[in-house]
Amino acid sequence: MISVAQLEDLAEEKVKVFKKFLETQPPLSNGEDLLKIWDELYDDDISKVVVQTVNGPSNDETNPVFPYEKLQAVVKDGGNWKWPRMWQRFDEIERRGGAYREGEKLNFKMPNKNPALVPQRCLVVGGGPVGLRLAIELVMGGHRVTVFEKRRELKDTDGELVQLGFTNRINRPHMWPFVRNDLAKLNGKDLMTRESAYPVFTEPETSSIGIDELQVLLLKNALLLGVDFRMGVGYDNAKVRTDGRTMMPTWEVECSYDEGAAAKYGKPVGKQKEVFDCLIGCDGPRSAVRDTQAKHFGEIEKRKFMDSVGIVANVRKVPRKKLKEMGYEYGQEPGDMNRTKMVFKDFFQQIQDKADADIESLIYYKACTHNYTILVPKRQDLIKHGLSGKVYHFAAGRDKAANEQRSEEKTKLKNYCRSVLQAAGIPIDETAPNGGFVDAPNDCMAFDFAECWNTKKSIVFNLPPPGYDVEVDGPWMGRNLIPFLALCGDALLEPFWPLGLGLKRGWQAIMDTCYAIDNMYNRTRYAERLGKDPATFPWEDHYEAHKEQLAQNFEYCARLKISDELGKGEYDPKGVVINQLTKKLKDAERPTLEVEIDPWTRYEPLAKEAGDAWKSLSKEDSWLHPRVEKALNMKEYYDEVCKGGKNGEIQYEGKALVSVNGKVLPGFKRMGSIVSAASKGPAPAPAPAPAPAGLAAAAAAVAQKPRASIVASAAPASADENP
């Protein structure tokens with residue numbers, strides 16, 4: 001049993017550590033610093049907390065809760081008025097499938113959107129923004145998610161950077177409205193410092209975020225939501241392994257643990273093999289997953305738009321006093337810019353006259369610690385100024401020797417950038433360290449923006465019907481079986497950088513991948529659309545319909561056929577949602593439009609189809625759009641828990657604490673035997689993700705498949721269909 005005094009001491013200790021966790025922010029800290037603090041925060045005491053749920057005491061295997069719920073049960077509001085709001089926002093992140101718990105207040109009386117979801121063991125390769133956001137969305141569906149990230153920062157004895165870590169990039173992609181809304185949902189305003197959050201949430205026209213800032217924000221969410229993030233583990237290869245009886249295929253993943261990862265997870269240093277149901281490559285344009293599984297994705301298309309080099313230059317902030325000396329009125333920096341020669345002819349002519357530079361476009365975004373610029377000159381213009389025209393890109397910064405060899409070329413590149421920026425009216429102080437640029441390797445980089453790599457397929461799988469049994473149904477006579485395999489982000493579609501499409505496409509690919517995994521065994525999804533009975537809908541028809549829909553989603557993603565509302569990040573003032581809401585509430589607050597997994601809410605052709613159905617249903621007085629229903633339910637809930645006050649404080653009610661690391665609270669003494677059993681299960685992270693109990697059986701139970709569909713699924717394979 002734990003005493004009240006012991007609990008108070010533990011809470012005080014964890015409040016201090018959690019404050020450090022929340023305050024960890026680039027550039028003073030990086031992702032690896034955050035992981036170290038997390039290990040201190042989420043130790044045995046917190047990871048083995050048991051809380052009371054509507055289904056009884058939590059259990060990591062049979063009745064799991066998220067890490068933030070365990071932490072909140074101990075630290076409460078931490079003496080900070082913002083924390084209840086933060087905990088409530090975590091509660092508001094929508095659960096589905098196995099993560100949905102019937103009867104919880106945080107559901108706001110809304111149903112489980114996918115009760116037919118079968119949890120999978122998912123491996124996400126790559127801890128960049130897309131990989132982390134995908135992991136978050138998957139874990140909210142009850143999937144067991146592991147992220148491999150091999151890029152660990154290394155320094156020599158002199159403290160010089162030898163190898164860059166996974167959060168060392170400070171480039172600032174454009175922030176699209178629906179991405180900004182998504183980050184706000186993920187507590188962006190509370191998990192980022194006020195200075196870092198300002199250009200993300202307060203500059204709607206030129207909203208931007210640093211890659212490092214975005215990764216740390218998403219990493220905080222991922223850890224608090226139970227993603228198993230494995231720093232220092234690299235993906236090497238994966239092979240298909242098939243169960244001899246059920247024929248269910250899985251991935252046997254070959255991976256490498258460095259010394260730090262091996263020590264943390266109790267593994268030998270070097271090569272290991274681990275098993276997963278789903279493999280998703282989010283490891284960038286030179287994807288190892290794509291390379292090792294090339295036979296499944298087909299030929300990779302290499303496209304060349306034009307002979308165009310893009311230069312990224314990150315410059316130091318200039319103090320206000322120095323800005324005044326440099327002639328900037330009131331010592332203020334100019335506003336953000338996103339300009340092209342076609343529209344701003346006089347501006348680019350000024351650059352031509354002052355710097356003798358032929359620039360096609362210029363982007364300038366202000367951050368809290370530096371300013372980010374992109375210049376797009378013609379390659380011939382670089383050669384005219386004494387540069388080779390070859391790229392000096394960020395990846396080269398990982399190789400110290402290569403960096404030194406290119407030092408002369410890089411000096412010329414910085415001089416070229418400095419003259420262009422000065423001609424454009426962008427402040428850069430030549431007397432500052434590194435000539436006014438930030439430290440290498442983020443100071444100045446040249447990319448070949450014209451060259452883009454694209455994949456023909458985004459998702460591949462071929463599965464047997466759930467419940468297949470060779471002893472009952474005979475040998476498998478169908479096509480070669482392939483576990484779920486997908487690519488996301490730049491591994492799938494490398495964007496044309498100056499257009500800032502990376503996050504826009506990446507977020508769609510995230511939701512498309514979640515949709516694919518969530519509905520792998522959900523026959524209801526397509527049976528109802530085709531007017532069929534889900535109980536007798538053949539599995540081969542379900543899989544075929546699923547593949548067709550996923551191919552269509554990929555086409556819409558590649559062509560950026562997103563809905564008008566999603567593109568604007570807000571509901572149409574004359575649409576069904578706003579019309580219904582204003583009829584129900586006189587001073588209705590317009591709900592935030594959030595990106596969802598369902599492609600019928602994201603892609604224009606599908607949204608039009610869904611919109612026509614909504615309009616037809618809206619003629620019925622009793623029908624409410626799901627978003628309106630949720631908004632009304634949320635208002636009812638917050639009217640009950642709001643305490644008032646200038647900050648709109650709420651009376652947050654988390655889950656009641658039952659025990660800490662096996663030590664029961666006095667009030668739960670009579671439940672000791674239950675609590676003891678519940679506290680023995682391993683924490684979701686950092687423990688390895690175990691196989692869901694009877695995956696094939698679980699899928700079969702959800703699907704309620706007829707025996708006839710199994711026989712029909714075992715059709716002979718064509719010779720060209722074998723991988």
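The values are calculated or read from the model by the stated rules, or taken from the named source; none is laboratory data. Quick caveat: nothing in here was measured; it's all calculated off a predicted structure. Ideal geometry is used to build each Cβ from the backbone, glycine not excepted, and the neighbour counts take in all protein chains shown. Just the protein is used for accessible areas: all its heavy atoms, side chains included, with ligands, DNA and RNA removed. Shrake-Rupley method; radii C 1.70, N 1.55, O 1.52, S 1.80 Å.
Tell me, yes or no, whether the stretch 223-231 has at least one residue that is touching a residue at least 12 places away in the same chain (Cβ under 8 Å), among the hydrophobic types (A, V, I, L, M, F, W, C), touching a helix residue (DSSP H, G or I) at 6+ places or on another chain (Cβ under 8 Å) and farther than 29 Å from Val275 by Cβ. Within the stretch 223-231, not a single residue is touching a residue at least 12 places away in the same chain (Cβ under 8 Å), among the hydrophobic types (A, V, I, L, M, F, W, C), touching a helix residue (DSSP H, G or I) at 6+ places or on another chain (Cβ under 8 Å) and farther than 29 Å from Val275 by Cβ. One residue is enough: does the stretch 326-340 have a residue meeting the conditions open to solvent by less than 70 Å² (accessible area, probe 1.4 Å), among the polar types (S, T, N, Q), more than 23 Å from Arg133 (Cα to Cα) and without any contact (Cβ under 8 Å) to a residue 24 or more places away in the chain? Yes, that holds for at least one residue. Please count how many residues of the stretch 52-79 are over 12 Å from Val660 (Cα atoms), in a helix (DSSP H, G or I) and in contact with a strand residue (DSSP E or B) (Cβ under 8 Å, 6 or more places away or on another chain). The total comes to 1. Kindly indicate whether Leu382 is buried (at least 21 other Cβ atoms within 10 Å of the Cβ), part of a helix (DSSP H, G or I) and at pLDDT 80 or above. Here the answer is yes, as Leu382 does meet what is asked.
Yes/no per residue for (1) under 27 Å from Met511 (Cα atoms); (2) not hydrophobic (A, V, I, L, M, F, W, C):
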residue: Asn579; (1), (2): no, yes
residue: Thr582; (1), (2): no, yes
residue: Glu589; (1), (2): yes, yes
residue: Thr592; (1), (2): yes, yes
residue: Ile597; (1), (2): yes, no
residue: Ala613; (1), (2): yes, no
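For every residue, the table says whether it meets (1) among the aromatic types (Phe, Trp, Tyr); (2) open to solvent by less than 10 Å² (accessible area, probe 1.4 Å); (3) in a loop (DSSP other than H, G, I, E, B).
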site: Asp9; (1), (2), (3): no, no, no
site: Phe18; (1), (2), (3): yes, yes, no
site: Phe21; (1), (2), (3): yes, yes, no
site: Gln25; (1), (2), (3): no, no, yes
site: Asp33; (1), (2), (3): no, no, no
site: Lys36; (1), (2), (3): no, no, no
site: Asp39; (1), (2), (3): no, no, no
site: Val50; (1), (2), (3): no, yes, no
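Screening the candidates Ser679, Ser616 for the property of being at pLDDT below 90 and in contact with a Gly (Cβ under 6 Å, 6 or more places away or on another chain) yields one hit, Ser679. Among the residues of the stretch 142-189, the ones that are open to solvent by 10 Å² or more (accessible area, probe 1.4 Å), touching a Gly at 6+ places or on another chain (Cβ under 9 Å) and among the hydrophobic types (A, V, I, L, M, F, W, C) come to 4 in all. Among residues of the stretch 369-384 that are of a type in the set (S, T, N, Q), those with a beta-carbon under 7 Å from a residue that is at pLDDT 90 or above and open to solvent by 10 Å² or more (accessible area, probe 1.4 Å) at least six positions away or on a different chain give the pairs Thr369/Lys317; Asn371/Lys317; Thr373/Ile363.
Close contacts from the stretch 245-268, counting a first residue that is closer than 30 Å to Lys36 by Cβ and among the β-branched types (Val, Ile, Thr) and a second that is open to solvent by less than 30 Å² (accessible area, probe 1.4 Å) and part of a strand (DSSP E or B), with Cβ to Cβ under 8 Å and a gap of 6+ residues or different chains, come to Val253/Leu123; Val253/Tyr235; Val253/Ala238; Val253/Glu274; Val253/Phe276; Val253/Leu279. For the stretch 86-97, taking the residues that are assigned to a helix (DSSP H, G or I) and under 21 Å from Ala656 (Cα atoms), the one that is most open to solvent (accessible area, probe 1.4 Å) is identified as Arg89.
Evaluated against (1) within 30 Å of Asn314 (Cα to Cα); (2) at pLDDT 95 or above; (3) in a helix (DSSP H, G or I); (4) over 16 Å from the mean Cα position of the chain (by Cα), Val200 falls short on exactly one condition, (2).
Test Thr601 against the stated conditions and say whether it is under 31 Å from the mean Cα position of the chain (by Cα), open to solvent by 60 Å² or more (accessible area, probe 1.4 Å) and hydroxyl-bearing (Ser, Thr, Tyr). No, not satisfied.
Report yes if Val216 is open to solvent by less than 10 Å² (accessible area, probe 1.4 Å), over 22 Å from Phe229 (Cα atoms), modelled with pLDDT of 90 or more and part of a helix (DSSP H, G or I), otherwise no. It is false that Val216 is open to solvent by less than 10 Å² (accessible area, probe 1.4 Å), over 22 Å from Phe229 (Cα atoms), modelled with pLDDT of 90 or more and part of a helix (DSSP H, G or I).
Tell me, which strands (runs of 3 or more DSSP E) wholly within the stretch 113-168 include 2 or more residues that are modelled with pLDDT of 95 or more? Those strands (runs of 3 or more DSSP E) span 121-125, 144-149.
Among the residues in the stretch 541-564, are any at positive phi and within 30 Å of the chain's Cα centre (by Cα)? Yes, some residue in the stretch 541-564 is at positive phi and within 30 Å of the chain's Cα centre (by Cα). Before we move on, is Leu550 more than 30 Å from Arg286 (Cα to Cα), in contact (Cβ under 8 Å) with a residue 40 or more places away in the chain and either assigned to a helix (DSSP H, G or I) or of a type in the set (Gly, Ala, Ser) (or both)? No; evaluated as a whole, the condition is false for this residue. Of all residues in the stretch 416-439, exactly one satisfies the criterion of being surrounded by 16 or more Cβ atoms within 10 Å (Cβ to Cβ) and more than 20 Å from Leu323 (Cα to Cα), namely Tyr416. Restricting attention to the stretch 111-135, the residues that are closer than 18 Å to Glu629 by Cβ and open to solvent by less than 30 Å² (accessible area, probe 1.4 Å) add up to 1. Exactly one residue among Arg525, Arg505 is in contact with a strand residue (DSSP E or B) (Cβ under 9 Å, 6 or more places away or on another chain), of a type outside the set (Gly, Ala, Ser), closer than 24 Å to Ile136 by Cα and open to solvent by 30 Å² or more (accessible area, probe 1.4 Å), and that residue is Arg505. Can you tell me which of Pro464, Pro475, Pro534 is on the phi < 0 side of the Ramachandran plot, crowded, with 21+ Cβ neighbours inside 10 Å and more than 21 Å from the chain's Cα centre (by Cα)? Just a single option satisfies the conditions, and that option is Pro464. Summed over the stretch 348-359, residues that are within 38 Å of the chain's Cα centre (by Cα) and surrounded by fewer than 18 Cβ atoms within 10 Å (Cβ to Cβ) total 1.
Of the residues making up the stretch 249-274, those that are open to solvent by 20 Å² or more (accessible area, probe 1.4 Å) and either under 16 Å from Val289 (Cα atoms) or aromatic (Phe, Trp, Tyr) (or both) are Thr250, Glu252, Glu254, Ser256, Tyr265, Lys273, Glu274. Residue count for the stretch 307-359 under the criterion of being in a helix (DSSP H, G or I) and either closer than 18 Å to Thr373 by Cβ or not aromatic (Phe, Trp, Tyr) (or both): the result is 19. Of all residues in the stretch 546-553, at least one satisfies being of a type in the set (A, V, I, L, M, F, W, C), modelled with pLDDT of 95 or more and open to solvent by less than 30 Å² (accessible area, probe 1.4 Å).
Pairs linking a residue in the stretch 406-430 that is outside any helix (DSSP H, G or I) to a residue that is small (Gly, Ala, Ser) and at pLDDT 95 or above, with Cβ atoms under 7 Å and 6 or more positions apart or on different chains, are Ile428/Gly436; Asp429/Gly436; Glu430/Gly436. Lys608 satisfies every condition listed in (1) assigned to a loop (DSSP other than H, G, I, E, B); (2) among the basic types (Lys, Arg); (3) more than 18 Å from Met634 (Cα to Cα) except (1).
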